[in-house]
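Any read-out appearing in this document is the output of simple, stated calculations on the displayed coordinates, not a laboratory observation. Here the structure is a predicted model, which means the values were calculated and not measured. Quick reminder, even Gly has a Cβ in these numbers, built from the backbone with ideal geometry, and neighbours come from all protein chains shown.
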Amino acid sequence: MEIKDIQEEIIEEFAFFDDWMQRYEHMIAIGKSMPIIEEKNKTEDYLIKGCQSKVWVYPEIKDGKVVFTADSDAIITKGIVAILLRVFSNQTPDDILQADTKFIDEIGLKEHLSPTRANGLVSMIKQLKMYALAYKSQQN
Amino acid sequence: MKTGIKHTSFDVEKIREDFPILNRKVNGYPLVYLDNAATSQKPRVVIDAIVDYYSNYNANIHRGVHSLSQEATDAYEKARVKIQKHFNIKNAHEVIFTSGTTHSINLVASGFKEFLKPGDELLVSAMEHHSNIVPWQMLCEQTGAILKVIPMNLNGELEMLEFVGLLSNKTKLVFVNHISNALGTINPIEEIIEKAHKVGAVVLIDGAQACAHLKPDLQALNVDFYVTSAHKMCGPTGVGMLFGKEEWLTKLPPYQGGGEMIKEVTFEKTSYAGLPHKFEAGTPNISGGIAFGVAIDYLNAIGFEKIAIYENQLLEYATKKMLEIEDLKIYGTAKNKTSVISFNIGEIHPYDIGTIVDKLGIALRTGHHCAQPIMDFYKIPGTVRASFAFYNTFHEIDTLINALQKAKRMLT
């Protein structure tokens, strides 16, 4: 599926909920089904800076696509990472680099987009794109 | 100029009317502000004092001959005297206006560079805020002095016997907070000061967390340095106090060079101004200093005894209610503590709890509270902290408890 379609799918899913509590509960549920990073990769190298909770993201390249696994010690943060991975994992470096993140606003998680927010969503997106950029330059 | 409102008896609803921010909603819910240990809210009189200064007598102080400058200087210096009287300080020139506690500590640490030699020892408590650790570590790096730690027990109380064991004629400086920001512990500073003085050590007490809850008598304490910030005691941010005994302030070199702190300047040599101006280079936070004085008047009009009694009731009620939540663990259970409760619920990350209760309009603090060594001591990544002020209510505590239960359900 293309990034845009996945984003549409997530927006539709979240539109189903009327209040923030249900949206958060859904996000937490998504977090529970996230592809989890292997324990051995939970190292300082894969830790994302700028989060109050710990977030690890591990990238791999498979058939020209970037596949991410991740984890967090906070479950709301884990839910946020899981949503990002649903969108960005298993995509080509080019598609990842071109993708925007407006859908986060549309699913009612706008407050997490603030650069000063302690969960570091902005740092996470930046890191995912950095990995994509690194793979892209390797391919060239 | 307006001064403090008179409160004849403790009526929390009446007091709440003094704080405009307490009327607002956050995420659709009435604000429940329980992050008072980070900063207090400001009463109308303090906000008005800042507006009044900029609207009616804004001018630079100490140097002008014109009337406005004189009015501003008078108001600023009156604030210094208010601070002096409030803390029972012997001389007004022993009160140095700073930008806050961190600035005050850095000023003293920097000044001690020339009084220390390799092998000298500095004692810091295990429950300090980073701002009362890092400047001293920097000082040790520069001088070869050694930083030693006064340990604490699991309740978050200092081990006083170990403290005495650490004291020796090598001990030059001791710095401890009056009240811990992360645990709420009130430290036995009278005893610490007395015992440190017996070996000839100089004592600095960080009062940032204390001065909203109690009124220290600095002459009775016989402390060498006492520092605090206005913003935790209903005053504005960016202004604070350094008290130093005259003998020490005279000995310490100036911290920053600039205008205001000089007596005479030529390109060959500059002689410095006397106290307090020697440490007050540049144009200060004039409105902040004036409003600091107003905040002190405001708190005194309510009365520190009444504040302490009421806040203790809030603390007791909140502690009892919180412990009814299964798996909730409180960090910092000192016998003598103020209205700060640091806690975790089971394995739930503090960040998750903070995020959920924020959606319900409740402001709590999560994380390491700028006191990572305490978190390392308890082997936890951080805590959730609820800190209460005299304008909080029992009803707000009930709201918090309901929110925590809701968060717990969502997060487990």
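First measure r as the distance between the Cβ atoms of residue B:271 and residue B:147, then evaluate 1/(1 + (r/R0)^6) with R0 = 30 Å and state the FRET efficiency to the nearest 0.05.
Efficiency for this residue pair is about 0.30.
Based on the Cβ-Cβ distance of residue B:251 and residue B:48, what FRET efficiency does E = 1/(1 + (r/R0)^6) give at R0 = 41 Å, to the nearest 0.05?
Step by step, r from the Cβ atoms, then E = 0.55.
If you put +1 on each Lys and Arg Cβ and -1 on each Asp and Glu Cβ, how big is the dipole of chain A around its Cα centre, in Debye rounded to 20?
That gives a dipole near 560 debye.
Could you pull out every one of the lysines with an alpha carbon less than 27 Å from that of residue B:329, ignoring same-chain neighbours closer than 8 positions?
A:32, A:54, A:78, B:232, B:320, B:321, B:337, B:359, B:379, B:406, B:408
Ordered by packing density, taken as the mean number of other Cβ atoms within 10 Å over each peptide's residues, highest first, how do B:71-81, B:54-64 rank?
Final packing ranking: B:71-81, B:54-64.
Give the residue from B:146, B:119, B:412 lying farthest towards the positive end of the charge dipole for chain B; charges sit on Cβ (+1 for Lys and Arg, -1 for Asp and Glu) and the dipole is referred to the Cα centre.
The residue sitting most towards the positive pole is B:412.
May I ask you to list the lysines whose Cα is less than 20 Å away from that of residue B:148, ignoring any residue fewer than eight positions away on the same chain?
Within reach: B:113, B:117, B:170, B:172, B:195, B:198.
Which stretch or stretches of region B:173-196 have amide N atoms under 20 Å from the point lying 7 Å from residue B:309's Cα along the Cα→Cβ direction?
Label zone hits: none.
Rounded, prolate or oblate: which fits region A:52-114 when a ≥ b ≥ c are the square roots of the eigenvalues of the alpha-carbon gyration tensor, with rounded for a/c under 1.5 and prolate only if a/b beats b/c?
oblate
In terms of the Cα gyration tensor, with a ≥ b ≥ c the square roots of its eigenvalues, is chain B rounded because a/c is under 1.5, prolate because a/b exceeds b/c, or oblate?
Here chain B falls in the oblate category.
What's the ranking of B:30-38, B:368-376, A:13-21 by average number of surrounding C-beta atoms within 10 Å, highest first?
Ranking, from highest mean packing down: B:30-38, B:368-376, A:13-21.
With a 10 Å Cβ neighbour count serving as the proxy for reagent exposure, in which order, fewest first, do B:183, B:249 appear?
Fewest to most other Cβ atoms nearby, the residues stand as B:249, B:183.
Can you say what percent of the DSSP beta bridges in region B:118-202, counting only those with both residues inside, are antiparallel? Round to 5.
Around 15 percent antiparallel, to the nearest 5.
Please compute the average number of Cβ atoms from other chains found within 10 Å of each residue's Cβ in peptide A:18-25.
3
Loop only by DSSP, 16 or fewer other Cβ within 10 Å of the Cβ. Give me the trypsin sites (Lys or Arg not before Pro) in region B:274-376 that pass, ordered by residue number.
Sparse-neighbourhood loop trypsin sites (Lys or Arg not before Pro): B:335.
Let me have the 222 nm mean residue ellipticity of chain B computed from DSSP H runs of 4+ only, each contributing -39500 (n - 2.57), with the sum over all residues rounded to the nearest 500.
Estimated from H runs of four or more residues: -11500 deg cm²/dmol.
Eigenvalues of the Cα gyration tensor times 5, then square-rooted: what semi-axes does that give for the protein assembly as shown, in whole angstrom, largest first?
The answer is 45, 28, 26 Å, longest axis first.
So in chain B, what percent of DSSP beta bridges are antiparallel if you round to the nearest 5?
In chain B, DSSP labels about 60 percent of beta bridges as antiparallel.
Which ³J(HN,Hα) values, rounded to whole Hz and listed in residue order, are derived for region B:204-219 from phi using the Karplus coefficients 6.51, -1.76 and 1.60 in 6.51 cos²θ - 1.76 cosθ + 1.60 with θ = phi - 60°, glycine and proline given as x?
10, 10, 8, x, 3, 8, 8, 5, 7, 10, 8, 10, x, 9, 6, 6
For a quick check: with amide H placed at 1.01 Å from N, whose amide H comes under 5 Å from residue B:32's, ignoring anything fewer than 5 positions away on the same chain?
Amide H to amide H, under 5 Å and 5 or more residues apart or across chains, residue B:32 pairs with B:362, B:363.
Please order B:272, A:131, B:226 by the number of other Cβ within 10 Å, starting at the fewest.
With the sparsest Cβ surroundings first, the list reads B:272, A:131, B:226.
Let a ≥ b ≥ c be the square roots of the eigenvalues of the Cα gyration tensor of region B:323-409; is it rounded (a/c under 1.5), or, if not, prolate (a/b larger than b/c) or oblate?
oblate
Which whole number gives the average count of other chain Cβ atoms within 10 Å of the Cβ atoms across peptide B:348-357?
6
Taking the Cβ of residue B:68 as the centre, find all other residues whose Cβ is under 14 Å away and add up their charges (Lys, Arg: +1; Asp, Glu: -1).
My count for the surroundings of residue B:68 gives -2.
What translational diffusion coefficient, to the nearest whole µm²/s, does region A:3-139 have by Stokes-Einstein, given a Kirkwood radius computed over alpha-carbon pairs, a temperature of 37 °C and 0.692 mPa s viscosity?
218
Between residue B:327 and residue A:39, how many nm apart are label points set 7 Å from Cα along the C-beta direction?
Here the answer is 2.1 nm between the modelled labels.
What are the ³J(HN,Hα) values, in whole Hz, obtained from phi via the Karplus relation 6.51 cos²θ - 1.76 cosθ + 1.60 with θ = phi - 60°, for each residue of region B:282-293 in sequence order, with x given for Gly and Pro?
So the Karplus estimates, Gly and Pro as x, are x, 6, x, 7, 5, 4, x, x, 5, 5, 4, x Hz.
Any idea how far apart residue A:101 and residue B:58 come out in nm if each label point goes 7 Å out from Cα toward Cβ?
In this crude label model, residue A:101 to residue B:58 measures out at 3.8 nm.
Taking the Cα centre as origin and putting +1 on Lys and Arg beta-carbons and -1 on Asp and Glu beta-carbons, what dipole magnitude results for chain B, to the nearest 20 debye?
300
Which of the GluC sites (Glu not before Pro) across region B:146-224 are loop residues per DSSP, with 12 or fewer other Cβ within 10 Å?
none
Quick one: what are the phi-derived ³J(HN,Hα) couplings along region A:11-20, Karplus 6.51/-1.76/1.60 with θ = phi - 60°, whole Hz, x for glycine and proline?
For region A:11-20, the Karplus-derived couplings read 4, 4, 4, 6, 5, 5, 9, 8, 10, 4 Hz, x marking Gly and Pro.
Name the residue from B:59, B:88, B:108 whose Cα lies farthest towards the positive end of the charge dipole of the protein assembly as shown, charges +1 on Cβ of Lys and Arg and -1 on Cβ of Asp and Glu.
B:88
Just want the ordering: B:341, B:96, B:380, from fewest to most Cβ atoms lying within 10 Å of their own Cβ.
Least to most surrounded, the residues fall as B:380, B:96, B:341.
Taking the Cα centre of region B:281-412 as the origin and placing charges on Cβ (Lys, Arg +1; Asp, Glu -1), which of B:402, B:313, B:380 is farthest toward the positive end of the dipole?
The residue sitting most towards the positive pole is B:380.
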